[in-house]
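One structure is given here, and the rest of the page talks about it.
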Amino acid sequence: MSDINPASNNNILLEAKSLTRRFGGLVAVNNVSFAVNKHEIFGLIGPNGAGKTTLFNLITALIPPSSGELRYQGAEISRLRAHRIAELGIARTFQNIRLFGELSALENVIIGRHLHNKSSIITGVLGLPPALKEEYKNRRKALELLDLMGLRERIEEKAKNFSYGDQRRLEIARALALEPQILLLDEPAAGMNPNEKQQLSTFIRNLRDRFNLTIILIEHHVPLVMGLCDRIAVLDFGQLIALGKPAIVRNNPAVIDAYLGNE
């Protein structure tokens, strides 16, 4: 299957080549190839069990590929560990929110800054100037992100006490604390009402522009994806069945049959 609207070779940030992941006899991701441009909002859709979250797990090195490769800024990253992927500038949120419930909103976001810490444990324990300067910077960055998410007034509140939507925003703030180049959002509109979903679409665009991000998102709300994404990839039973601009994907017979139906 050809990509009707391919990524520019001079502008590719992330590329999957014949990516495959098997779990025993189950092939969750089957020979998937695509490329994502810098500053693009790239959608990933398909039925439940199509392999979307598995693909996110491959990109962020939570699981290794069975075969194929991933390239980031031209370099292969298929065999790197998760912390190295984060260090390189790829951050994500999860379908099932993963916050530290007993920690405050501020503490959750500051944790996302850990890869940027340069001072040693001894420096921190002794409260020496380099560690204090780093701590101040991390707090300031975290407060900026919480302010952006509309959570500035709740910085000392435990994450477990936040509503579902606010936990989603808090998780995005923590991912942004890593200062990524690519942000992966796994079902960011889950649990939101129509008005919140519309606001989310504007918010994601603003994030992309403000932080010069490339964004890849998994989302089941088709109108949001069609109106937001520059290009869309569609998975079905682990296989890529369509890839291109929303107008092309929306009218693809295979996509209609496998996923969109009358939507």
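The values are calculated or read from the model by the stated rules, or taken from the named source; none is laboratory data. Please read these numbers as outputs of a predicted model, since none were measured by experiment. All Cβ positions, glycine included, derive from the backbone under ideal geometry; neighbour counts span all protein chains shown.
Pull up the range 227-249, narrow it to residues that are assigned to a helix (DSSP H, G or I) and farther than 27 Å from VAL27 by Cβ, then point me to the one that is farthest from the chain's Cα centre (by Cα).
Filtering the range 227-249 for residues that are assigned to a helix (DSSP H, G or I) and farther than 27 Å from VAL27 by Cβ, the one farthest from the chain's Cα centre (by Cα) comes out as ALA247.
Can we say ARG174 is at pLDDT 75 or above, within 24 Å of ARG210 (Cβ to Cβ), exposed (fewer than 12 other Cβ atoms within 10 Å of the Cβ) and of a type in the set (Lys, Arg)?
So ARG174 does not fit the description; no.
So GLY68 ticks every box in (1) outside any loop (DSSP other than H, G, I, E, B); (2) modelled with pLDDT of 95 or more; (3) under 15 Å from the mean Cα position of the chain (by Cα) but one. Which box is left unticked?
GLY68 satisfies every listed condition except (3).
Among (1) under 18 Å from the mean Cα position of the chain (by Cα); (2) closer than 16 Å to GLY43 by Cα; (3) among the aromatic types (Phe, Trp, Tyr), there is one condition TYR259 misses while meeting the rest; what is its number?
(1)
If I filter the range 15-43 down to residues being surrounded by 22 or more Cβ atoms within 10 Å (Cβ to Cβ) and not hydrophobic (A, V, I, L, M, F, W, C), which single residue comes out as nearest to the chain's Cα centre (by Cα)?
It comes out as GLY43.
For the range 143-165, name all the residues that are in a helix (DSSP H, G or I) and either charged (D, E, K, R) or without any contact (Cβ under 8 Å) to a residue 24 or more places away in the chain (or both).
Answer for the range 143-165, where residues must be in a helix (DSSP H, G or I) and either charged (D, E, K, R) or without any contact (Cβ under 8 Å) to a residue 24 or more places away in the chain (or both): GLU144, ASP147, ARG152, GLU153, ARG154, LYS160, ASN161.
Counting only residues that are part of a helix (DSSP H, G or I), touching a residue at least 40 places away in the same chain (Cβ under 8 Å) and of a type in the set (Val, Ile, Thr), which one in the range 166-204 is farthest from LEU55 (Cα to Cα)?
By that ranking, first place goes to ILE204.
Restricting to the range 84-118, give me the number of residues that are assigned to a helix (DSSP H, G or I) and within 15 Å of the chain's Cα centre (by Cα).
Selection size over the range 84-118: 4.
Checking the structure you have, find out if any residue of the range 183-194 is in contact with a strand residue (DSSP E or B) (Cβ under 6 Å, 6 or more places away or on another chain) and over 16 Å from GLN95 (Cβ atoms).
The answer is no, given that none of the residues of the range 183-194 is in contact with a strand residue (DSSP E or B) (Cβ under 6 Å, 6 or more places away or on another chain) and over 16 Å from GLN95 (Cβ atoms).
Since ALA16 meets every condition but one in (1) in contact (Cβ under 8 Å) with a residue 40 or more places away in the chain; (2) assigned to a helix (DSSP H, G or I), which condition does it not meet?
Of the numbered conditions (1) in contact (Cβ under 8 Å) with a residue 40 or more places away in the chain; (2) assigned to a helix (DSSP H, G or I), the odd one out for ALA16 is (2).
From LEU207, LEU224, grab the single residue that is in a helix (DSSP H, G or I) and touching a Lys or Arg at 6+ places or on another chain (Cβ under 6 Å).
Among LEU207, LEU224, only LEU224 is in a helix (DSSP H, G or I) and touching a Lys or Arg at 6+ places or on another chain (Cβ under 6 Å).
Take the range 211-235 and flag every residue that is of a type in the set (D, E, K, R) and modelled with pLDDT of 95 or more.
Once the filter is applied, which keeps residues that are of a type in the set (D, E, K, R) and modelled with pLDDT of 95 or more, the range 211-235 yields ASP230, ARG231.
Here's a check for you: in the range 44-91, which residue that is among the acidic types (Asp, Glu) and under 13 Å from ALA16 (Cα atoms) is surrounded by the most Cβ atoms within 10 Å (Cβ to Cβ)?
That would be GLU69.
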